[in-house]
1. Once amide H atoms are placed 1.01 Å from N in the peptide plane, what residues at a sequence separation of 5 or more from residue B:256, or on another chain, have their amide H within under 5 Å of its amide H?
2. Averaged over B:112-120, how many beta carbons belonging to a partner chain fall within 10 Å of each residue's beta carbon?
3. Quick one: divide the alpha-carbon radius of gyration of the protein assembly as shown by 2.2 N^0.38 Å and tell me what you get.
4. Under the Karplus relation 6.51 cos²θ - 1.76 cosθ + 1.60, θ = phi - 60°, what is the ordered set of whole-Hz ³J(HN,Hα) values for the stretch B:199-205, x standing for Gly and Pro?
5. Quick one: angle between helix B:410-420 and the longest Cα principal axis of chain B, in degrees between 0 and 90, rounded to 10, please.
6. Round to the nearest 10 and give me the degree value, 0 to 90, for the angle of helix B:378-390's Cα axis relative to the longest principal axis of chain B.
7. Grab the other residues whose beta carbon is less than 11 angstrom from that of residue B:111, score K and R as +1, D and E as -1, and report the net.
8. Please work out the C-alpha center-to-center distance from the stretch B:39-55 to the stretch A:178-256 and express it in whole Å.
Amino acid sequence: MWPHAILSIFTTIALIALPLASPLSQEFQLSNGLKLIVQEDHRAPVAVVQIWYKVGSAHEHRGVTGVSHALEHMMFKGTKAYPDGLFSQIVAEKGGRENAFTSSDYTAYYQQWSSENVGLSFELEADRMNNLVFKEEEFLKEINVVLEERRLRTDDNPQGLAREANRALAFQESPYRHPVIGWESDIKGMRLDDLEKWYQQWYAPNNATVVVVGDVSSKSVHKLAQQHFGGLARERVPVLRSANERISQGTKRLSMTSEKARVPMLLMSYKVPSLGSVRMSDEIDEADVYALDVLAEVLDGDASARFAKHLIRGESLATYASIGYSPVSLLDTLFSISAVPAEGVTLDQLEVAITSELLEIIQSPPTQMEMQRVKSQVVASRVYAMDSMENQATIIGQLESVGLDWRLKDEYIENITEITASDLVAVVKKYIRPDALATTQLLPESLL
Amino acid sequence: MKNFVSAILVLLLVFPLCVSAKVQVESWSTENNVSVLYAQVPELEMVDMYLAFDAGSTRDGKKHGLANLVSALILQGASDLNVDEFNEAIGLTGGNLSSGSSSDMAYIKMRSLTEQANLEAVMRLLKLALSSPRFDDSDVNRLVARTLIGLDFKKQSPAAVAQDELYAELFAAHPYGFPHEGTAESVKSITRDDVSKFFNEFYVAKNLNISIVGAVNLRQAKAMAEEISSILVSGERADKVFSPPSKKTQGILVKRNFPSIQSHIRVGARSVERGHPDYFPLLVANHALGGNSLVSVLFRSIREERGLAYSAYSYFSPKLTGGSLVAAVQTDRENQEEALSVLDSSLEKLRLEGFSGKDIDSAKDNLIGGFPLRVDTNAEILNYLAMLGFYKLPTDYLETFAGNVDRVTRAEVSRVFNRYLSPEKLVTVIVGPNQDGDE
């Protein structure tokens, strides 16, 4: 989700004088602890309104995994003031789009519509923050919807199952081992009471961040926020203790065979720090996170990156190879490589090739040219990212929700200018190591 | 509710004006007659360009998958730059080039900063790709192999299998009846010669529409369009694709066994091509049926009221020579019969009684009020312009959209619903475990 971000000082093409239109953004805090961040964007007469709660599957334990996500579903079931889908009807009638998403670190709700409706968004969100009605009958239907969602995304999707298994393999202690949607048995065993408790515990103004991007004035949005959210009382919210986990007792391996799969896949996940986790620990330098982000770009930034050039073209060992790394996470996370072998290449051969491609960074550190290319792309992507208000709001909300300052959105790029090729060599040596690795091979039964 | 109603009236009056004020569309033709649509968006220092060629899979002939392969091969090296060098050069510009294809169209998109040096560098590479793509054997072979693995991926997705089965039934021997990636057999038969012949025949000025959006002025946009169009040979306008012949059926049910937990159900019928007089009534009908996400008839009856599925929706896809309207739902095998019967009875009820006035109003309000959201990024404006240009829709489409939706009556919606979704025209496809055996 987070764009790999780096700023160049010098590039071959004149990027130095690029005047970046700095958006007008402002932060407010209400006396009940609710945080509001507004970014003005007057290109179109619309606005996106998001409300982020700092609760997700990282806050869950076995037995109630998936409760944050199930609660997200229930949040559309109505309050006394806006019962039975009236919320969604209003949004639809006014031409709005709405939805919600849950991750390991947060749960967020949003509306996109005419900017004159920002106050209405606030009214509706403030209402369902405190007044949600929990009906057994609605819950029973909705838990079935969640099970169908799990079947669709995971149980009927061999790659989805392999990703879920790889995560659980990599982490032993960290709650990141749980899938956001929850383990099937936990979803099946869930009761209305679990959701209600979760709601009481985590949904409070002092655990929420409201982000508005669009054709608005910060001042009047602040006023609206005070009007609608100002009356809510601050509540006691549990504190998440550090649950970081970086090293295992050795490499972990899982070989899966699947009747459903037609295409083999390899997942190699290394446990690494994130911007959130380094704040909870004195041992790790934040610069490591930036270096890992640049590393991901050098290996998999575009069609000229090393994976594409060496693995997909070059030796034609992979049909697909990519890296997932989200620096904006609450806890230690995964630097995760997923790859599909080319015809006639085994998963073992591909694993050897990927490992040596990673270690090759030590033997042949990125050239001036490689670093420049990554930097040119990232400078430009900062401009491109401004095209979508939704995207801007999401970056702000994510940062805040994992305990970081939203201003890091821009500072991130400057912090990363310090990163050099030798920093990449250092993080490969430090984190790309056998005792941080969990490998999952997915093999179709038909290929056995 | 009163204040909501009045707010909607205000939206109706204000939004079309806002849209036209914000998105001012200019159109012209280049010296060699390529038509261009352009909208200036000065706020962000970036520019997007969309080249739409009449070179989609309708041009495949017997080599299904050819158009798809050619569009991927366009950006794999050009002139003296091999694929590695070409991609490295793009990377350094800070810009992006991407390409792809659908059944009607092949596209190349460019995104760049407006800084002169950057823009010139991306444009140079784009022109190189258009004038002298290499189509090296190694790249052709690699992308053929990638396509074959992509086809295997599709085979493990019950949704993709259901989709292909449905289109095969709806369009039979028409190009819309074939998956645009082709089949394993057809893709394997494609040679480098096929690729360059296809490119020479269809990637020509006469088959091109250009759209430009961003922080460039009219003079700059004209220069960009001229640079691109003049590098192409004029060529021949591709023949009109035949319309799918009409079929008399008694309603068709296709069942396929699949090793999944859920059954994927699709019920669809042919609809109309873009620009057809029934376009707006069908747009409203589809929105009320399953397009208006959390409040549509299907969402309510299948998910809200019964908790039978995670997603229950419909989509209307008008193309150049025909179109379809499809409802889709996926549910645990043990709920298959119930979901199908709810779906069927919803459709039957709508044929007999029509939509409620409330559903029609809600769909229209959402389409009209939501229109500004569909053109609130440069990327979306670009896609709209490309669609208008390629399908030869009037350039005032954006301004007249709200009025056109607003004029649709409940009676018209009922008329198109009965005309296009009558039982004998419906094809039902079910892909899931324990079906009664293949038909």
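1. Long-range HN contacts for residue B:256: B:430, B:431, B:432.
2. Across B:112-120, the average partner-chain Cβ count within 10 Å equals 4.
3. So the Cα radius of gyration is 0.93 times the expected 2.2 N^0.38 Å.
4. Those phi angles translate into 4, 5, 7, 9, 8, 10, 4 Hz.
5. Taking Cα atoms only, the helix is inclined about 80 degrees.
6. With both axes taken from Cα atoms, the answer is about 90 degrees.
7. Once all neighbours under 11 Å are counted, the net charge is -1.
8. 39 Å
Read-outs throughout are calculated quantities, based only on the coordinates presented, and are distinct from any laboratory measurement. Every value quoted in this text rests on a predicted model; they were computed, and no experiment measured them. A quick note on method: Cβ atoms are made from the backbone with ideal geometry, for glycine too, and the neighbour counts reach across all protein chains shown.
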